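Chemist: Here it is, the structure, as structure tokens.
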Amino acid sequence: MLWELFIVFFRVGCLAFGGGYAIMSLIQRETAGMGWIGIEQFQEIGALSGMAPGSIATNSATLIGYEQGGLAGAIVATTGMILPSLILVVLLAAFFIRLHDRLSVRSAFYGLRPIITALIVYAAISFGFGGQAESGGLFGWETLGMLLICGGCLLAIVKYKLHPLVVLLLSAVAGIVIF
């Protein structure tokens, strides 16, 4: 089990461009494919991971690893998730100092922006509506409640300039009250 946890999260970690939210759907697909967690449990893990300090993907790996293999599973899954990034950063840091002024390098990073944005949007849709789409309730009151909370959060941050932590806590309370 520990080896499977390491391999799954190492593969996910190798594809972790764009940050944690961009690869949440990949984590869900990989772990559901292994039969480790269902959609509703993944949504709970995602919510907990998003509220905890650190990367949502790494936090998700830790929680899923703990769920499957206890403390050793959490350590192995977390290591598998962060090891590819660590290796890549060490290797790229050695070469980036010499290459950062080249137009091709700047253009490559600029070209990754739309892809990362699309991955984040897909993850948000998949994470927010994943369970409801499968149960046939995509246009139910739960969707309306989520959209109202989302709109309220956007309004609170943009218009009223509330701190994101306050908005996060208020949206958690609203979710508990509404759902």
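Chemist: Which sequence of E40, E30, E142 reflects their accessible areas, 1.4 Å probe, from the largest down?
Modeler: Details: E40 135, E30 45, E142 75 Å².
Correct descending sequence by accessible area is E40, E142, E30.
Chemist: Using a 1.4 Å probe and counting only protein heavy atoms, arrange F10, F96 so the residue with the most accessible area comes first. Don't skip to the answer; put the middle values down first.
Modeler: On the way: F10 60, F96 95 Å².
Ranking F10, F96 by accessible area, largest first, yields F96, F10.
Chemist: Okay, moving on. With springs only between Cα atoms under 10 Å apart, run a GNM on the chain and tell me which of T31, T78, T117 wobbles the most.
Modeler: T117
Chemist: Restricting things to Cα coordinates, could you compute the convex hull volume per residue of the chain in Å³?
Modeler: Working: hull volume 26.0 nm³, N = 179.
It comes to 145 Å³ per residue, whole-number rounded.
Chemist: How far is helix 103-135 tilted, in degrees, relative to the longest principal axis of the Cα atoms in the chain, given as a value from 0 to 90 rounded to the nearest 10?
Modeler: Orientation of helix 103-135: about 30 degrees from the principal axis.
Chemist: In nm, to one decimal, how far is the modelled label at K161 from the one at I178, with both set 7 Å along Cα→Cβ?
Modeler: Reported label-point gap for K161 and I178 is 2.7 nm.
Chemist: A further question follows. Of M34, V158, I23, which is farthest towards the positive pole of the chain's charge dipole, taken about the Cα centre with +1 and -1 on the beta-carbons of Lys, Arg and Asp, Glu respectively?
Modeler: The Cα lying farthest towards the positive end belongs to V158.
Chemist: In addition: For the chain, report the accessible area per residue in Å² (1.4 Å probe, heavy atoms, rounded to an integer). Working shown, then result.
Modeler: On the way: 11430 Å² over 179 residues.
With all protein chains present, the chain gives 64 Å² per residue.
Chemist: Taking trypsin sites (Lys or Arg not before Pro) as candidate sites, keep only those in a DSSP loop with at most 12 other Cβ atoms within 10 Å, then name the longest stretch of the chain containing none of them. Before the final figure, lay out the partial values.
Modeler: Details: sites that count: R102, K159, K161.
Within the chain, the longest run free of exposed trypsin sites (Lys or Arg not before Pro) spans 1-101.
Chemist: Let me check I have the definition right: for segment 2-100, take the eigenvalues of the Cα gyration tensor, multiply each by 5, take square roots. What are those semi-axes in whole Å, largest first? Intermediate results must be reported in sequence, preceding the final value.
Modeler: Numbers: eigenvalues 125, 40, 27 Å².
In descending order the semi-axes read 25, 14, 12 Å.
Chemist: Once neighbouring chains are kept in place and the probe is 1.4 Å, which whole percent of the accessible area of segment 2-100 is contributed by carbon and sulfur? All intermediate terms of the calculation are to be shown ahead of the outcome.
Modeler: Values: 3820 of 5350 Å².
Carbon-and-sulfur percentage of accessible area, whole number: 71.
The values are calculated or read from the model by the stated rules, or taken from the named source; none is laboratory data. Owing to the predicted nature of the structure, the values given are computational and were not obtained by experimental measurement. Positions of Cβ are backbone-derived with ideal geometry, glycine not excepted, and every protein chain shown enters the neighbour counts. The accessibility values were calculated without ligands, DNA or RNA, using every heavy atom of the protein model including side chains. Shrake-Rupley method; radii C 1.70, N 1.55, O 1.52, S 1.80 Å.
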